[in-house]
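Notes follow the structure.
The values are calculated or read from the model by the stated rules, or taken from the named source; none is laboratory data. Bear in mind that the values here come from a model prediction, so they are computed numbers and not experimental data. Glycine gets a Cβ as well: all are built from the backbone with ideal geometry, and neighbour counts include every protein chain shown. Surface accessibility is based on the protein's heavy atoms, side chains included, excluding ligands, DNA and RNA. Shrake-Rupley method; radii C 1.70, N 1.55, O 1.52, S 1.80 Å.
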Amino acid sequence: MHSERPRVRLHDRTFELAVPHGEIIGKIEALAARINADYGDGSRGIPLFVGVLNGAFMFFAELLQRISFPCEVSFVRLSSYHGTTSTGSVTEVFGLRENIEARHVIVVEDIVETGESIRALTDSLAAMNPATLEVATLLFKPASYRNYFPIRYPAMEISDGFIVGFGLDYDGLGRNLCDIYRLAKEV
Ligand SMILES: O=P(O)(O)OC[C@H]1O[C@H](OP(=O)(O)OP(=O)(O)O)[C@H](O)[C@@H]1O
Ligand code: HPA
């Protein structure tokens, strides 16, 4: 049967609408309210939000506009490559200039799927001795998650399937879409 959902074509694939813009914003507002309730009393000093480029740029901007306590922002980039040893894939973290020791840090991701990226990032940041370290993510795929670090602040949980839009890409395309789309089944 033909689907009525709006579709976009990126490279060789078709994606269909999964989460419209208004619903995304509603989820971000609810998440910001939770974070404001947890951090807003000032007892944690000036928390630092660390956005993970590239994918988190749109979620980061929408979330931070709704944070009501004084805070600082910073960005990091993760770079994955396959090592020559049996340890396999290695992920390095670039770009953090702040000293995060004894600070309250919230990492902001677009999506947490297997948790490999967030494991590399939280391991690396935890070694710098922050007072607390939490993860906020626009999308969380619990069925794929294979990490130990708890994801305290997911805006949305989603089932498996490849997602684009609102910062997320398929081979470089789709980050500018204001809605979230899911890879359509081939017919
Ligand atoms: O939980 P995982 O299975 O590790 O997947 C999630 C990671 O994958 C994406 O990054 P990507 O390397 O595609 O970079 P991008 O942010 O530039 O799109 C996303 O931004 C997360 O960092
Ligand atoms: O579903 C996804 N879409 C785009 N990038 C991703 N990185 C991990 N999962 C995804």
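The largest accessible area among 62, 186 belongs to the first residue in 186, 62, and the rest follow in falling order (1.4 Å probe, all chains). Within the shell defined by Cβ-Cβ distances under 12 Å, the residues around residue 136 carry a net charge of -1, with Lys and Arg each +1 and Asp and Glu each -1.
Per the helix-only calculation at 222 nm, which mean residue ellipticity applies to the chain, given -39500 (n - 2.57) for every DSSP H run of n ≥ 4 and division by its residues, nearest 500 deg cm²/dmol?
Details: 3 runs with 38 residues, N = 187.
Calculated mean residue ellipticity at 222 nm is -6500 deg cm²/dmol.
Expressed as an acute angle from 0 to 90° and rounded to the nearest 10, what is the orientation of the C-alpha long axis of helix 116-126 relative to the principal long axis of the chain? On a 0 to 90 degree scale, this one is about 10.
How much length is gained if the chain between residue 30 and residue 152 is pulled fully straight, taking 0.36 nm per residue apart and subtracting their Cα-Cα distance, in nm to one decimal?
On the way: separation 122, 0.36 × 122 = 43.92 nm, distance 1.35 nm.
Result for the pair: 42.6 nm of gain on full extension.
Counting protein heavy atoms only, the chain has 51 percent of its accessible area on carbon and sulfur, 1.4 angstrom probe. For residue 126 and residue 12, a Förster radius of 30 Å and the Cβ-Cβ distance give a FRET efficiency of 0.15, rounded to the nearest 0.05. Among 68, 159, 43, the residue with the largest mean-square fluctuation in a Gaussian network model of the chain, with springs joining Cα atoms closer than 10 Å, is 43. If the Kirkwood radius is taken over C-alpha pairs of the chain, then at 20 °C and 1.002 mPa s the Stokes-Einstein diffusion coefficient equals 123 µm²/s.
Quick check: with the 1.4 Å probe, what order do 78, 121 take by accessible area, largest first?
Working: 78 40, 121 0 Å².
From most accessible down to least: 78, 121.
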